[in-house]
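K.L.:
Here you go, one structure.
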Amino acid sequence: MAVWKEVTPETLQQANAFELIGKDWMLITAQKQDALNTMTASWGGLGVMWGKNVAYVVIRPQRYTKEFVDASETFSLTFFEEGFREKLSYLGTVSGRDEDKIKKSALTVVKEETAPYFQEGKLVLFCKKLYTQQINPENFLDKHLEQKWYPQKDYHTLYIAEIIKALQKQ
């Protein structure tokens, strides 16, 4: 059975952000009081900002998880093996406002002091929010991006967060 090991962001074995985020997807999970919610995301990145190892994610205003991320100082990013694609797709299309989608997904929530995450993952990044800003349509240099991705004018909020802890399955 695989065990979790704490690692530094610089030593991550599966740290190709293009594959982890864009191809494999991730769950953004946060807690608000005694409740938690998660959503699937395929946009974001990993890097260095303000001298810190960071992750950045974007969340649309209508997403229920946004309320949880906004209410919390921290959130987690959980990455999975390919076999979890169907569950991630489900968690990305059903709202936690409408049903207990985490329970229906049959994923195991681990309540960590920093932020909740999922036992079935292969990598977890615990993130502390540093900066947030709504995407401003006036700042698009390529107007086709706005037309393509924001026909409803539901601009994402950008979160830049310090990676304060990383766990990787061994």
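K.L.:
Restricting attention to the range 117-133, report how many residues are under 15 Å from MET39 (Cα atoms) and outside any strand (DSSP E or B).
P.N.:
So the count comes out to 1.
K.L.:
For residues that are in a helix (DSSP H, G or I) and of a type in the set (A, V, I, L, M), scanning just the range 58-81, find the one that is most open to solvent (accessible area, probe 1.4 Å).
P.N.:
First, the residues of the range 58-81 that are in a helix (DSSP H, G or I): 64-71.
Now narrow it down to the ones that are of a type in the set (A, V, I, L, M): 69, 71.
Numbers: VAL69: 1, ALA71: 63 Å².
Taking the candidates together, the pick is ALA71.
K.L.:
Residues being open to solvent by 80 Å² or more (accessible area, probe 1.4 Å) and assigned to a strand (DSSP E or B): count how many of those fall in the range 134-163.
P.N.:
1
K.L.:
Kindly provide the set of residues from the range 111-126 that are closer than 15 Å to GLU6 by Cβ and open to solvent by less than 40 Å² (accessible area, probe 1.4 Å), ordered by number.
P.N.:
The initial filter retains those residues of the range 111-126 that are closer than 15 Å to GLU6 by Cβ, namely 112-115, 117, 121-126.
Answer for the range 111-126, where residues must be closer than 15 Å to GLU6 by Cβ and open to solvent by less than 40 Å² (accessible area, probe 1.4 Å): THR114, ALA115, TYR117, GLY121, LYS122, LEU123, VAL124, LEU125, PHE126.
K.L.:
Test each condition in (1) under 11 Å from the mean Cα position of the chain (by Cα); (2) part of a loop (DSSP other than H, G, I, E, B); (3) among the small types (Gly, Ala, Ser) for ALA2 and report the one that comes out false.
P.N.:
Failed condition: (1).
K.L.:
OK, next. From LEU107, LEU167, which residue is open to solvent by less than 50 Å² (accessible area, probe 1.4 Å) and assigned to a loop (DSSP other than H, G, I, E, B)?
P.N.:
Details: LEU167 fails: assigned to a loop (DSSP other than H, G, I, E, B).
Within the list LEU107, LEU167, the selection yields LEU107.
K.L.:
Evaluate the range 45-57: report whether one residue or more is open to solvent by less than 30 Å² (accessible area, probe 1.4 Å) and more than 12 Å from the chain's Cα centre (by Cα). Outline the logic, then answer.
P.N.:
In the first step, residues of the range 45-57 are kept if they are open to solvent by less than 30 Å² (accessible area, probe 1.4 Å); the result is 45, 54-55, 57.
Keeping just the survivors that are more than 12 Å from the chain's Cα centre (by Cα) gives 54.
Yes, the range 45-57 contains at least one residue that is open to solvent by less than 30 Å² (accessible area, probe 1.4 Å) and more than 12 Å from the chain's Cα centre (by Cα).
The values are calculated or read from the model by the stated rules, or taken from the named source; none is laboratory data. Owing to the predicted nature of the structure, the values given are computational and were not obtained by experimental measurement. Cβ coordinates were reconstructed from backbone atoms using ideal geometry, including for glycine residues, and neighbour counts include every protein chain displayed. Protein only, heavy atoms only, side chains kept; ligands, DNA and RNA dropped before computing areas. Shrake-Rupley method; radii C 1.70, N 1.55, O 1.52, S 1.80 Å.
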